[in-house]
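Shown next, in structure tokens, is the structure this report addresses.
What follows is calculated from the coordinates using simple rules that are stated; it is not laboratory data. Bear in mind that the values here come from a model prediction, so they are computed numbers and not experimental data. Reconstructed Cβ throughout: ideal geometry from the backbone, glycine too, with neighbour counts over all protein chains shown.
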Amino acid sequence: MSPARLAGVTLPLAALRTTDDWGVGQVSALGAFAELALLAGSRLVQILPPYELAAGESSPYGARTAFGLDPIYLTIREIPELAGEALSGFRTAEVDAEIARLRAAPRVDFTAARALKERALRHAFERYLANDHGRGTPREAELRAFADRSPWARDLALYVALRDSHGGYGWSTWPEHERERAPEVVRHGDSPDPAHPLGRAVLEHLYRQLLLESEWRRARARLGELGVELMGDLPFIVGSESADVWVNRAEFRLDLSLGAPPDAFSADGQDWGLPAYDFHTLDATDLHWIRERTAHAATLYDRFRLDHAIGYFRQWVRAPGSKGAFLPDSEPAQQARGEKVLSAILEAAGPSQVIAEDLGVIPDFARESLVRLGIPGYRVLPWDRRDGVYTRPSDLPERSVACWSTHDTAPITAWWPELEAWEREALAKNWGLATPFATDEERNLALLGALYSSRSELALVLVQELLFETTRVNTPGVVGPENWTYRLPADLSELLRDPTLLARFERVRGLLRESGRL
């Protein structure tokens, strides 16, 4: 049984490297990564959102669905329809050369990896049609059963098929009968017929989601055998052109744009270009969509983070040409709103633990509500100050998640050396660190030790902080090939037998034993 206080490690699923990957992380690699995490004493792995992205997209927070996983994360060699000669027949010299190029690349090339996997998945689906569809085989029954129990998958498959048929353009540009989900359109999602081009495309996307469900289930089973928890991340909302908005339009305010209010860094506030929730409509359904999304997440993860948790209390919205305002506009109404939604999320989550991303400007009443509901929040040590003084790790609340960094900031391994000397001295004194450090290795271990010594029930580090790397995952406000494309420095089998890394991890385990996390 895991101790009450845990250590965990965070990374994008795309960052995983294995000897058989096609240039992007695979669901099946979660098991090997969990083994690596265990060697460093971490009994929890957190991944960024793994949901399906549109072509050309790389941000895990820009998914076109809140339910379906991205087929780019499938392990091609594990697909039953590509077993044996079926895959070797697909692997031409040209394909093998492209796989080798992508596998060796220091960054994820989402566009190229997606194109290559699309070809393999299309080949796999054609074999399914030839060998199983309409033949009453167990494989056909498996796909039918999956479609019957997964209405979200039928909706997503129809949405993706239609979007692809329109060159990737969103649903708002489609013909009216498709925009408005006319019965003759929805029929292709409920009863896809491969004799019809649209029905065939729908069936193919259903098939891919079945593959993902199966591979995810195997990966979760492996983590369970190892005693490692899997933690996920739920974006606050989906984009206006997403499958979920197309299907559940009344539950979203497309006339408003979600963002953040003005602050010291942004005089006009932020406009994220996302729709807002229509809680008036959601209330009439007992928050059905939010409950369904949460229940689905609970089938994927042991714990999950609610991104932008303050948004469940109040949404900063603006209509075209307006300055923006909070919905609701009064604090009592905001508190009531947040507690109602979060209570529903807790109910739908069942045994999965809910964690609130409560960073930024959070009113006291929201923090009080989180405490009352028993939902832990985040404490990022470089940001956590009281009256200008950094909070000591030993003073953090037990019901919290402590970390040095997030996916949107530099890892502590990069941030610490950039500080002025006086800042490092002040921080070291406040955090109980003995300086100067003899080496970078000793500094990084000391910083890990300070984090692990916190009272927080969960201490999370970025994988870069565990590997002593300085690479960022994302730099907000900057568009470039470095964002979201981070990969591990070597494949997992190599990392698992690296003597220098294993010796370091043994020291990390010692820090965890000292702190009571192992």
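Tabulated data
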| quantity | calculated |
| --- | --- |
| Fewest-first ranking of Leu346, Leu511, using other Cβ atoms within 10 Å as the exposure measure | Leu346, Leu511 |
| Estimated D of region 258-337 in µm² per second, where Rh is the Kirkwood radius over Cα pairs and Stokes-Einstein applies at 10 °C, 1.306 mPa s | 111 |
| Phi-based couplings in Hz for region 208-214 (Karplus 6.51, -1.76, 1.60; Gly and Pro marked x) | 5, 5, 5, 4, 5, 4, 5 |
| Per-residue [θ]222 nm for the chain (sum of -39500 (n - 2.57) over DSSP H runs n ≥ 4, rounded to 500) | -13000 deg cm²/dmol |
| Calculated on alpha-carbon atoms, Rg and Dmax of region 1-146 in Å | 17.3, 52 |
| Mean projection area, nm², convex hull over Cα of region 206-318 | 9.2 |
| For region 172-204 and region 78-149, distance of Cα centres in Å | 23 |
| Other-chain or far-sequence residues with amide H under 5 Å of Leu256's (modelled H) | Ala276 |
| Sequence-distant residues sharing a close amide H with Ser400 (under 5 Å, placed H) | Glu457, Leu458 |
| Per-residue HN-Hα couplings for region 447-463 [Karplus 6.51, -1.76, 1.60; θ = phi - 60°; Hz; x = Gly/Pro] | 5, 4, x, 5, 5, 5, 6, 4, 7, 4, 5, 10, 10, 10, 10, 5, 4 |
| Length-normalised contact order of region 6-515 in % [C-alpha pairs under 8 Å, at least 6 apart] | 18 |
| Nonlocal amide H pairs with Gly8, under 5 Å, H built at 1.01 Å | Ala459, Leu460, Val461 |
| Share, in percent, of DSSP beta bridges within the chain that are antiparallel, nearest 5 | 35 |
| Cleavage-rule hits, trypsin sites (Lys or Arg not before Pro), region 89-145, DSSP coil, Cβ neighbours within 10 Å at most 10 | Arg135 |
| Sorted peptide list for 330-337, 270-277, 302-309, 319-326, criterion being average Cβ within 10 angstrom, highest first | 302-309, 270-277, 330-337, 319-326 |
| Karplus (6.51, -1.76, 1.60) ³J(HN,Hα), θ = phi - 60°, over region 338-344, in Hz, Gly and Pro reported as x | x, 5, 5, 5, 5, 5, 5 |
| Gap separating the Cα centres of region 442-518 and region 418-434, nearest whole Å | 20 |
| Among beta bridges that DSSP assigns inside region 189-320, antiparallel share in %, nearest 5 | 70 |
